[in-house]
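All of the numbers you see were taken from the coordinates with simple rules; none came from a lab. All figures in this text were calculated on a predicted structure; none of them were measured in a lab. We place every Cβ from the backbone using ideal geometry, glycine too, and count neighbours over all the protein chains shown.
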Amino acid sequence: MWRWLGVSVLVVVLDQLSKYQIEQTLLLFETRPVFPGFNLTRVYNEGAAFSMLSDAGGWQRGFFIVLAVVIITALLVWLWRLPRGFRWETLGVALVIGGAFGNLIDRVRLGHVVDFLDCYIAGMHWPAFNVADAAISVGVVLLIVEGLMGSRRRET
């Protein structure tokens, strides 16, 4: 379990360092094109995924903090109970833990989450996200694939 928690810690460190760098180099709502289809832009998200509940009046901050703590705790128990050989499932859980913790740090410290990765196609923008969000997304995909593929993908 400890080496997998190292993955979680790596996600948190990369997430927090990248957010710090963005806050040092971009003004709020400033956008810097990187290449067609991808910008860096500094925005704040007071809600959850896709800015859900971002305009709820402030109560959502405490709710999302408590929710994150509950989810991280449940995932840590899951990680602890996973047997050896469930590498993809374990990696998925570790990525989600790291991502959830990275965004939790922002909520506690700043009252919002710093997002800065802006992907778009033909002028249609995906909601901005960050390293923590990407880790959560990859982790969830791994868990879904592992759940669908089951024992055929498990390594011993």
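Points worth noting:
- Where labels lie 7 Å past Cα in the beta-carbon direction, separation of S137 and A122 in nm: 1.9
- Mean separation of Cα pairs under 8 Å and 6 or more residues apart, divided by the residue count, gives the chain a relative contact order of 32 percent.
- The Cα atoms of the range 86-156 give a gyration tensor whose axes a ≥ b ≥ c have a/c of 1.5 or more with a/b no greater than b/c, which makes the shape oblate.
- Note that the chain, at 20 °C in a medium of 1.002 mPa s, gets a Stokes-Einstein diffusion coefficient of 130 µm²/s from its Kirkwood radius over C-alpha pairs.
- Likely footprinting exposure, T41, T25, T90, fewest C-beta neighbours within 10 Å first: T25, T41, T90
- Per-residue ellipticity at 222 nm computed for the chain from its helices equals -20000 deg cm²/dmol, with DSSP H segments shorter than 4 residues left out and the rest contributing -39,500 (n - 2.57).
- In Hz, Karplus ³J(HN,Hα) per residue of the range 88-98 (6.51, -1.76, 1.60; θ = phi - 60°; x = Gly, Pro): 5, 5, 5, 4, x, 5, 4, 5, 5, 4, x
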